[in-house]
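To start, the structure itself, in C-alpha cells.
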Amino acid sequence: MSKVTLRINGQDHKLDIPAGMPLLWALRDKLDLVGTKYSCGIGTCGTCTVLVNGAPVRSCVMPATGMAGMEITTIEGLDSDGAHPVQRAWNDEDVPQCGYCQGGQILTATALLRDNPDPDDEAIDGAMSGVMCRCGTYPRIRKAIRRAARYAADESGETS
Amino acid sequence: MTQQTIDRRSFLRISLLTSGALVVGVASPGWLEAGEHDDERWVPNLYVRIDPDGTITIVSKNPEAGQGVKTAFPMVVAECLNVDWRDVKIEQAPLDDRYGRQVVGGSRGTPDGWNDLRVAGTAACHVLTRAAAGQWGVAASACTASGGAIHHEASGRSLRYQALLEAAARLPAPDVADLDLKSRPEDFTLLGTFVPGVDNPQILTGKPLFGCDVRLDGMLYAVFEKCPTFGGRVRRANVEQIRSQPGVTHAFVVEGTDNAAGLQPGVAIVAETWWEANNARRHLRVDWDTDHADSTAGYDTRAEALRGERGETLRADGDVERALDRSKQLVEASYYYPFVAHANMEPQNCTARFDAAQNRIELWAPSQHPRGGRELIAATLRIPERNIHVNLTRIGGGFGRRLRNDFMVEAAWIARETGRPVQLQWTREDDLGHDFYRPAAWHHFRAGIDDAGRMQAFDHHFVTFGSRGRTVSGAGLSPGHYPAGLVKNFRLRQSLVETNVPTGPWRSPGHSAYCWAYQGFFDEVALAAGRDALEFRLDLLSRHYGEPPLDLERTSDTLRLAAEKAGWGRRVLAANRGLGMAFHFDHGGFVSHVAEVEADGNRIRVDKVWSAADVGPILNLSGARNQVEGCVVDALSTAQLEITFANGAVEQGNFDDYELLRIGQAPEIECHFIQSENSPTGLGEPPIAAATPAITNAIYAATGKRIRELPFSRAGIALL
Ligand code: FES
Ligand code: FES
C-alpha cells in the first residue's frame with residue numbers, strides 16, 4: 001500500500017493504494033466514482049478517459065500513485081448538472097445509445113475544444129479516433145462537437 | 001390501501017392511491033387467460049400514475065440496452081394521454097412476473113408494447129375527460145385534451161388533470177374495445193419527433209446507472225477464471241497461494257455444470273478491490289481437463305470436404321437441376337463469413353447479495369433476459385424463484401450477448417460461497433474468450449439465367465455448424481427465406497460442421513450474416529445478365545411462387561426510396577467511386593441501403609450510406625435514426641473482424657486484435673422512413689443485414705473486387 005493524495009474534480013483525496021493500481025480502479029473501487037468506465041484495461045479503447053491537467057489520459061494504464069499533484073477531472077466533475085457546452089450538445093444531439101463509452105467521448109471532446117474551439121471533421125476524427133463506440137454513435141459525435149463549439153462560442157460571447 | 005374501480009370485462013383498472021394519485025393499469029392478456037382474477041394479486045404489466053402535483057409517472061418494464069425503449073415506450077403513453085413530455089417521469093421496473101415479457105431481443109419490444117401502451121394512455125385520458133365533462137355538465141364529446149388539461153372550447157374552460165383525479169377514479173374503467181387508439185402518424189404530436197433519451201442526464205454526468213456501477217455496503221469484487229478451451233474442468237488450482245495475494249479475501253474452485261450457457265467450471269478470486277482480484281490472477285495456475293481441440297483450420301477442412309456432398313435438402317421447388325441445365329447462363333459463387341463476437345463495450349458483470357438465513361438472493365444484472373437468469377440461478381443454486389429478486393440496470397450494449405445469463409449465475413454462486421455482497425466483473429479477455437459467437441458459414445450458390453435475363457433457378461448449399469446433427473444456436477437458415485418463393489426453381493441444402501464452441505444470437509441473428517451472401521450474389525447474377533442492380537432486384541420482387549417470403553411492395557418501396565435519395569442511375573461517378581445496394585426484411589422491418597465507396601487502390605472509404613426503412617410509424621425519431629446509424633456502423637465494423645479458434649480456444653484477446661471501427665472510418669448516414677399505420681416494429685436489428693452487402697457491392701463498383709469472404713482483409717481490402 002502506498003499513500004497518495006489525489007486531486008480529483010477540485011477536491012483532495014488521501015488514499016491508501018495497492019502498489020501498481022491504475023487510476024481507474026482507485027476512482028471506481030476506492031472512491032466509488034463509477035462514472036469512469038472499464039472496457040479493455042490495456043489503453044486501446046479510450047472508454048476510461050479522464051482529463052489530467054486538461055489533457056485526455058487513459059486511466060486504466062496510469063498508476064494512481066504517480067498522479068499526485070495533478071488536476072484530475074472525471075466525467076462527474078465536468079458539470080454535475082450537465083450544463084457544460086459539451087454535455088448540452090451531447091444531449092441535444094442525443095448522442096448516447098447504450099451510453100457506456102460516452103464519458104470517455106465527452107471528456108476527449110472537451111479537451112479537443114479547449115485546444116481547437118472550431119474543429120473541422122478531420123480534426124474531430126483525429127482527436128476522437130482513440131475512443132471506441134460499439135453502438136456506432138460516431139456520426140452524432142461529429143455533429144455534437146460542432147454544436148458544442150457553437151454553444152461554447154455563444155457562452156463566451158455572452159460573458160465578454 | 002387503494003380504492004378501486006374494477007371492470008372485469010376489460011384488462012384495465014383505475015385506482016386512486018391514498019396519496020391521491022390516479023393509477024391506470026393494463027393487465028397482460030396472459031394474466032386473464034390464466035384465470036387469476038384474484039384482486040389482491042392484480043398488478044398491471046404497465047401503468048401510468050398521475051400525482052396530485054401533476055407529475056406523470058410511467059413504468060418502463062423492459063431492460064434498456066441502448067435501443068431506446070425506455071424513452072420511446074413512455075412517449076406512446078404520453079402521446080395518448082395528451083400530456084407535456086416535460087411532465088413525464090420514467091420508472092424502471094424490476095423483474096416481476098406480473099409485468100409479462102421483460103426481454104430486449106428480437107426487436108419485439110415495440111410490437112409487443114404498442115397496444116398496451118396506447119390503451120393505458122388513452123384510457124387515462126378517457127376517464128379524465130369524462131370527469132371534467134361531468135363537473136361542467138357538458139358532453140364529453142365537446143371536450144378536448146391537450147397539454148395535461150381538459151378543455152371545453154365552447155365555454156373557454158379548462159381543468160388540469162391533477163384537479164380531476166378523484167372524480168376520474170370514481171368512473172368505471174372504459175371497455176378497451178370502445179377506446180379510440182391513435183394509429184395514424186399524422187395524428188401524432190409527440191410521437192415521430194426527436195426526443196433525447198431519458199437517461200441522458202445521468203449518462204452525461206457519470207451517475208451510477210450500469211451494472212458495474214452498483215456499490216453495496218461491504219461489497220467485494222470478483223473475477224472468475226474459466227478454461228480457455230470451452231467446457232474444460234478444473235483438476236487442480238493453486239488457490240491456497242492465491243489467497244495470500246494482496247487484497248484477496250477468497251479464492252476457490254467452482255465445480256460448475258455441463259451447461260455451456262450456465263455455471264461453467266472455474267476458479268473464483270475475490271478481493272477488496274477488483275484490480276487486486278484480477279492482479280492476483282497472474283499467479284493463478286490451473287490444471288484444466290479438456291476434451292476437444294476445435295480449430296478454425298479444422299472447420300475449414302471439414303467444410304471443404306462437405307462442399308461436394310449433397311447435404312440434407314431443406315426445400316425444393318420445381319426442378320432445380322433441370323432448370324440449371326437449360327439456363328442460358330450459369331452463375332456460380334461461394335461466400336464465407338467468419339465467427340464474430342458481441343464485444344459489448346461494458347464487459348459482462350453482475351452484482352449479488354445472498355442472505356443465508358432466508359435462502360434469498362438479490363441481484364443487479366445488466367441482462368437482456370433477466371427471467372432466464374432467475375430460472376438458471378434457481379436451478380443451479382436450488383433457491384426458489386420467489387426468493388430471487390432481480391434489479392434491472394442499464395445495459396452497456398446487448399446485441400444478443402446478454403440473452404445468456406452465465407454471468408448472473410456466476411455472481412450468484414460466488415456471492416453465496418463468500419457470504420458477502422460481490423460484484424463479478426469480467427475482463428475484456430474473459431468477454432471475448434467466453435462469448436456465444438455468431439457462427440461462421442459457407443454458402444455455395446448456383447443460379448440459372450433464362451433468355452429474358454431472369455433468375456429462374458437458384459441452388460443453395462448452406463454449410464453451417466451443428467452439434468450431434470442439429471444446427472447450433474444462431475446457425476440455422478429458414479427454408480422460407482427469400483429468394484425461396486421468388487425463384488421458380490429453388491433448392492436449399494444444408495450440411496453441418498460439428499462444433500464445441502458456444503454460439504448464440506447476434507444482432508439480427510442469421511440475417512446479419514447471410515443477407516450479405518445473398519445480396520452479393522444477386523449483384524453477380526444481375527451483372528452476368530447485363531442488368532442494372534436496382535432493376536434486377538425490383539424485377540425479382542415483382543413476382544412470387546407460392547407464399548411470398550416477404551412483403552414485396554414494402555420491400556420494393558424501401559429499395560426505390562434509398563436508390564432515389566442516393567441518385568442511383570442519375571449520377572456520374574469518378575472511376576474510383578461506386579454505389580452498391582441491398583434490401584432485406586427481418587424482425588418485422590423492411591430496410592434497404594445504398595452505399596457510396598471511394599477507393600484508393602485496395603484501400604477504401606465508405607463515404608455515405610442512404611437508408612430507407614419501413615417499420616410502421618416512427619415512435620422516437622432520434623432513437624429510430626440512432627438505430628439505423630448504429631446498425632450501419634456495426635455492419636462496417638463487423639465486416640473487418642473475425643474470431644478464430646485454435647486448441648478449442650479463442651485466439652483473439654482484447655481490442656488490440658479485435659479492433660472495432662474508429663470514428664474516422666464511419667460513413668455519413670442519411671435515414672429516410674416510410675411511415676404507415678402498420679403496427680410499429682423495432683429497429684434494433686432490421687437495419688444491419690442489408691448494410692454489409694450494400695457496402696461490399698459498392699466496393700465492387702469502385703474497385704472491381706468482389707468480396708466473397710469476410711472480413712475484408714481476406715480480399716486484400718482495407719479501410720482508409
Ligand atoms: S479501458 Fe482504458 S483504454 Fe480501454
Ligand atoms: S454508446 Fe454504447 S458503446 Fe458508445
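For peptide B:90-96, compute the average count of partner chain beta-carbon atoms within 10 Å of each residue's beta-carbon.
Averaged over the peptide's residues, the number is 0.
Using a 1.4 angstrom probe on heavy atoms only, work out the carbon and sulfur share of the accessible area of chain B in %.
It is 45 percent, rounded to a whole number.
Rolling a 1.4 angstrom probe over the protein chains, ignoring ligands and nucleic acids, what is the accessible area of residue B:380 in square angstrom, nearest 10?
Rounded to the nearest 10, the figure is 30 Å².
Taking 0.36 nm per residue of separation and subtracting the Cα-Cα distance, what length does fully extending residue B:207 through residue B:96 add? Each step should come with its number before you reach the end.
Details: separation 111, 0.36 × 111 = 39.96 nm, distance 2.53 nm.
Roughly 37.4 nm would be gained on extension.
What FRET efficiency would be calculated for the residue pair residue B:186, residue A:81, taking the C-beta separation as r and a Förster radius of 30 Å, to the nearest 0.05?
That gives a FRET efficiency of 0.20.
Where does each of B:700, B:99 land when they are ordered by accessible area, with a 1.4 Å probe and the largest first?
Reading off the accessible areas and sorting them downward yields B:700, B:99.
Between residue B:656 and residue B:255, what is the spin-label point distance in nm, taking each point 7 Å from the Cα along the Cα→C-beta axis?
About 3.9 nm, to one decimal.
For the interface of B with A, what's the total buried accessible surface in square angstrom, probe 1.4 angstrom, rounded to the nearest hundred?
4600
Mind checking which lysines have their C-alpha under 23 Å from residue A:3, skipping anything on the same chain fewer than 8 residues away?
A:14, A:30
For segment B:626-664 and segment A:82-98, what is the centre-to-centre distance using only Cα atoms, to the nearest Å?
26
Relative contact order (percent) for segment B:540-660, with alpha-carbon contacts under 8 angstrom and 6 or more residues of separation?
Relative contact order, segment B:540-660: 17 percent.
Is any helix in chain B, taking whole DSSP H runs, at least 15 angstrom long along its axis by alpha carbon and on average at least -0.5 on the Kyte-Doolittle scale, and which ones?
Those that clear 15 Å and a mean of -0.5 are B:69-81, B:109-136, B:370-381, B:406-418, B:511-528, B:621-638, B:691-703.
In percent, what relative contact order does segment B:11-204 have, based on Cα pairs under 8 Å that are 6 or more apart in sequence?
It comes to 24 percent, rounded to a whole number.
Determine which lysines satisfy two conditions relative to residue B:565: a Cα distance under 18 Å, and not lying fewer than 8 residues away in the same chain.
Straight-line reach from residue B:565, under 18 Å: B:608.
Over what distance in Å are the Cα centres of segment B:505-584 and segment A:112-144 separated?
Here the two parts' Cα centres lie 32 Å apart.
Using Cα pairs closer than 8 Å and at least 6 residues apart in sequence, work out the relative contact order for chain B, in percent. Don't skip to the answer; put the middle values down first.
Numbers: 1693 pairs, mean separation 99.2, N = 720.
Relative CO of chain B lands at 14 percent.
Suppose we compare each residue of segment B:392-433 in its chain alone and in the full protein complex with a 1.4 Å probe; which ones drop by at least 40 Å² of accessible area?
Correct list: B:399.
³J(HN,Hα) across segment B:261-275 via Karplus (A = 6.51, B = -1.76, C = 1.60, θ = phi - 60°), whole Hz, x for Gly/Pro?
These are the phi-based 3J(HN,Hα) values: 9, x, 7, 7, x, x, 10, 9, 10, 10, 8, 5, 10, 5, 4 Hz.
Solvent-accessible area per residue for segment B:245-302 at a 1.4 Å probe radius, Å²?
43
Tally up the carbon and sulfur contribution to the accessible surface of segment A:85-156 as a whole percent, 1.4 Å probe, everything protein left in place.
With neighbouring chains kept in place, the figure for segment A:85-156 is 45 percent.
So how do B:85, A:90 rank on accessible area, 1.4 Å probe, biggest first, that is with the largest at the start?
Order by accessible area, largest first: B:85, A:90.
Round to a whole angstrom and tell me the spacing of the C-alpha centers of segment B:337-389 and segment B:418-433.
Each part reduced to its Cα centre gives a spacing of 12 Å.
The values are calculated or read from the model by the stated rules, or taken from the named source; none is laboratory data. None of the values given here were measured: they were computed from a predicted structure. Using ideal geometry, Cβ is built from the backbone for each residue, glycine included, and neighbour counts are taken over all protein chains shown. Side chains included, ligands, DNA and RNA excluded: accessible areas come from the protein's heavy atoms. Shrake-Rupley method; radii C 1.70, N 1.55, O 1.52, S 1.80 Å.
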